[in-house]
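Dropping a structure here in structure tokens format, bear with me for questions.
The values are calculated or read from the model by the stated rules, or taken from the named source; none is laboratory data. In this text the structure is predicted, and so the values were computed from the model without any measurement. Here the Cβ is made from the backbone with ideal geometry for all residues, glycine too, and neighbour counts use every protein chain on show.
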Amino acid sequence: MSIKTRFAPSPTGYLHVGGARTALFSWLYARKHGGKFILRIEDTDLERSTQESIDAILEGMTWLGLEYDEGPFYQTHHFDRYKEIIQQLLDQGDAYYCYCSKEELEQLRAEQMANKEKPRYNGKCRDLTGPKNDREAVIRFKNPVDGVVTIPDLIKGDIVVANKELDDLIIARGDGTPTYNLTVVVDDMDMKVSHVIRGDDHINNTPRQMNILKALGVELPKYAHLPMILGSDGARLSKRHGAVSVMQYRDDGYLPEALLNYLVRLGWSHGDQEIFSIDEMIEHFALENVNVSASTFNTEKLLWLNHHYIMSSDPAHVARHLSWHMGELGIDPSEGPSLVEMVKAQRERCKTLVEMAAASVYFYKDFESYDEKAAKKNFTPGSDEVLARLHDEFSVVTEWQGEALHQIVVSLAEAMELGLGKVAQPLRVAICGSAVSPAIDITLSLLGKEKTLARIQRAIKYIKN
């Protein structure tokens, strides 16, 4: 069998975490089995679909690195094909025109609810032979009334649904536009999708779609329904739980590898392994190891993973992502020390790239003021003399190198009979604006001679005033 999976989001919002996990699992399955992965934009909801949402989906897929082999396909480009299939179902007697008004359907639903019955269309127009020209009609699929539909779900096992529980769903609206369950079926059929991997909120749609495919006489794809993702409060993950948009995680300073690693473990496991490279995900991924029950999103675990990847990834790779965050702060990272060296200097103390960017600003741009608490503690009587001596020593240095600079600080502390902190801390506040920075030798080395001397002079004036 030729393996082909698809990710088919509706462009009515951003690419959310649940969708990203679905895309990842579909992508991994295709990569594991030498298949193809399709991106399909299901944009037939013309009122809610937007170009902005399409752009957000494409941006999210690119940031995550989930490259697709075919697409993006757009359902709005296939309306003629959908009409062709709808007509085929009409001609076969597997679909019919329904003239029931909205008021009639609402009354039927109210009666069924009052009688504690499952609300469903009663098939009133199912056996009409002629059109009613005075009314706008929808088109319904004529679902079988007997027997059962068995979904051999690759995650949940067999799911059996009685056909009598399924009503005759609408496949074309009154204006002729096709509905979701029809377009999905046609696209999966035409694109030869072998495996439909999607959230378990689609389980109710699957037996209906299977019946349409059977009526069209085509081979059914295999289905795998992923359990939902819950927030820490046990409710379905939503905006109120924080960042659920994939690009929000980019904005918050996460690396794509960290999010992918977190998502792959959100409902799937391979022994007790927690850290997975992309290649390891592909090698070990199997649908039979996906959990049946829902998973809970844990932001602290994601943050831990992100710090792991900041620490263990190639600094050049981290620097490439850090560059975007520096730009968001209005900083051109080419106008200062190497971002690769900046990553090496800052990665132990920073769990996100937002933290790293904020902690690196003073290397590229002069700060407006000193941290009040740090200045009060470290700019004490006599600290101006310490800084003046450091300025003299640094001025004659010809090779601005960390180890030599550190030795100057140590030697001056000994010469002035001061603790190292009484020299290094005033220096740190002078050149950084606060009492927090990487090791003083690394900080001096990255900052450079010119900025260091200028900032020491500024601090001396501040102390004297």
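Out of all the residues in region 92-100, is one or more assigned to a loop (DSSP other than H, G, I, E, B), at negative phi and at pLDDT below 95? Let's see the steps before the verdict.
Restricting attention to region 92-100, the residues satisfying the condition of being assigned to a loop (DSSP other than H, G, I, E, B) are 93-94, 99-100.
Now restrict to residues that are at negative phi: 94, 99-100.
Subsequent filtering for residues that are at pLDDT below 95 retains 99-100.
Yes, region 92-100 has at least one match.
Among the residues that make up region 405-423, is at least one of them out of contact with any Pro (no Cβ under 7 Å at 6 or more places or on another chain), small (G, A, S), within 18 Å of F363 (Cα to Cα) and surrounded by 14 or more Cβ atoms within 10 Å (Cβ to Cβ)?
no
Are any residues in region 185-236 at negative phi, among the small types (G, A, S) and part of a loop (DSSP other than H, G, I, E, B), and if so, which ones?
Scanning region 185-236 gives S194, G231, S232, A235.
Taking the residues in region 276-305 that are within 16 Å of A224 (Cα to Cα) and not polar (S, T, N, Q) as candidates, determine which candidate is farthest from the chain's Cα centre (by Cα).
E288
Residues to consider are Q107, Q88, Q112; find the one that is without any contact (Cβ under 8 Å) to a residue 12 or more places away in the chain, surrounded by 13 or more Cβ atoms within 10 Å (Cβ to Cβ) and assigned to a helix (DSSP H, G or I).
Checking each option against the conditions leaves just Q112.
Hey, any hits in region 445-463 for a residue that's under 30 Å from Y254 (Cβ atoms), assigned to a helix (DSSP H, G or I) and among the polar types (S, T, N, Q)?
Yes, region 445-463 has at least one match.
OK, next. Sort out which residues of region 271-290 are assigned to a loop (DSSP other than H, G, I, E, B) and at pLDDT 95 or above, and write them in order of number.
Answer for region 271-290, where residues must be assigned to a loop (DSSP other than H, G, I, E, B) and at pLDDT 95 or above: Q273, E274, I275, F276, S277, F285, A286.
A further question on this structure: Applying the selection to region 137-156, what residues are surrounded by fewer than 12 Cβ atoms within 10 Å (Cβ to Cβ) and of a type in the set (A, V, I, L, M)?
Within region 137-156, none qualify.
Across region 238-265, what is the total count of residues that are assigned to a loop (DSSP other than H, G, I, E, B) and under 13 Å from the mean Cα position of the chain (by Cα)? Outline the logic, then answer.
Of all residues in region 238-265, those assigned to a loop (DSSP other than H, G, I, E, B) come to 238, 242-244, 252-255, 265.
The next check asks that each one be under 13 Å from the mean Cα position of the chain (by Cα); those that pass are 242-244, 252-255.
Of the residues in region 238-265, 7 are assigned to a loop (DSSP other than H, G, I, E, B) and under 13 Å from the mean Cα position of the chain (by Cα).
Here are some residues: E414, E372, E399, E393. Which one is out of contact with any strand residue (DSSP E or B) (no Cβ under 6 Å at 6 or more places or on another chain), charged (D, E, K, R) and either closer than 30 Å to H321 by Cβ or touching a residue at least 12 places away in the same chain (Cβ under 8 Å) (or both)?
That would be E393, the only listed residue that is out of contact with any strand residue (DSSP E or B) (no Cβ under 6 Å at 6 or more places or on another chain), charged (D, E, K, R) and either closer than 30 Å to H321 by Cβ or touching a residue at least 12 places away in the same chain (Cβ under 8 Å) (or both).
So, one more: State all residues of region 367-391 that are surrounded by 12 or more Cβ atoms within 10 Å (Cβ to Cβ) and either of a type in the set (D, E, K, R) or in contact with a Cys (Cβ under 6 Å, 6 or more places away or on another chain) (or both); if no residue qualifies, say none.
Listed by number, the residues that qualify are D371, K377, D384, E385, R389.
Hey, another quick one. Just a yes or no: is a residue in region 34-47 part of a helix (DSSP H, G or I), at pLDDT 95 or above and touching a helix residue (DSSP H, G or I) at 6+ places or on another chain (Cβ under 9 Å)?
So far as region 34-47 goes, no, none of its residues is part of a helix (DSSP H, G or I), at pLDDT 95 or above and touching a helix residue (DSSP H, G or I) at 6+ places or on another chain (Cβ under 9 Å).
Among V218, V186, which is the only one that is surrounded by fewer than 16 Cβ atoms within 10 Å (Cβ to Cβ), in contact with a helix residue (DSSP H, G or I) (Cβ under 9 Å, 6 or more places away or on another chain) and at pLDDT 95 or above? Talk me through it step by step, then tell me what you get.
Values: V186 fails: surrounded by fewer than 16 Cβ atoms within 10 Å (Cβ to Cβ).
Result: V218 is the single residue among V218, V186 that is surrounded by fewer than 16 Cβ atoms within 10 Å (Cβ to Cβ), in contact with a helix residue (DSSP H, G or I) (Cβ under 9 Å, 6 or more places away or on another chain) and at pLDDT 95 or above.
Then there is this: What number of residues in region 212-227 are within 12 Å of V186 (Cβ to Cβ) and either free of Cβ contacts under 8 Å to residues at least 60 places away in the same chain or assigned by TED's automatic domain parsing to the domain that holds T150 (or both)?
2
Right, next: Test G93 against the criterion of being surrounded by fewer than 17 Cβ atoms within 10 Å (Cβ to Cβ), in the same structural domain as D168 (by TED's automatic domain parsing) and small (G, A, S), and give yes or no.
yes
Okay, next question. Please go through region 157-175 and give me each residue that is surrounded by fewer than 14 Cβ atoms within 10 Å (Cβ to Cβ), touching a residue at least 40 places away in the same chain (Cβ under 8 Å) and in a loop (DSSP other than H, G, I, E, B), ordered by number.
Of everything in region 157-175, nothing turns out to be surrounded by fewer than 14 Cβ atoms within 10 Å (Cβ to Cβ), touching a residue at least 40 places away in the same chain (Cβ under 8 Å) and in a loop (DSSP other than H, G, I, E, B).
Could you please find all residues in region 48-85 being assigned to a strand (DSSP E or B) and not hydroxyl-bearing (S, T, Y)?
Of region 48-85, the ones assigned to a strand (DSSP E or B) are 70-74.
Once the filter is applied, which keeps residues that are assigned to a strand (DSSP E or B) and not hydroxyl-bearing (S, T, Y), region 48-85 yields E70, G71, P72, F73.
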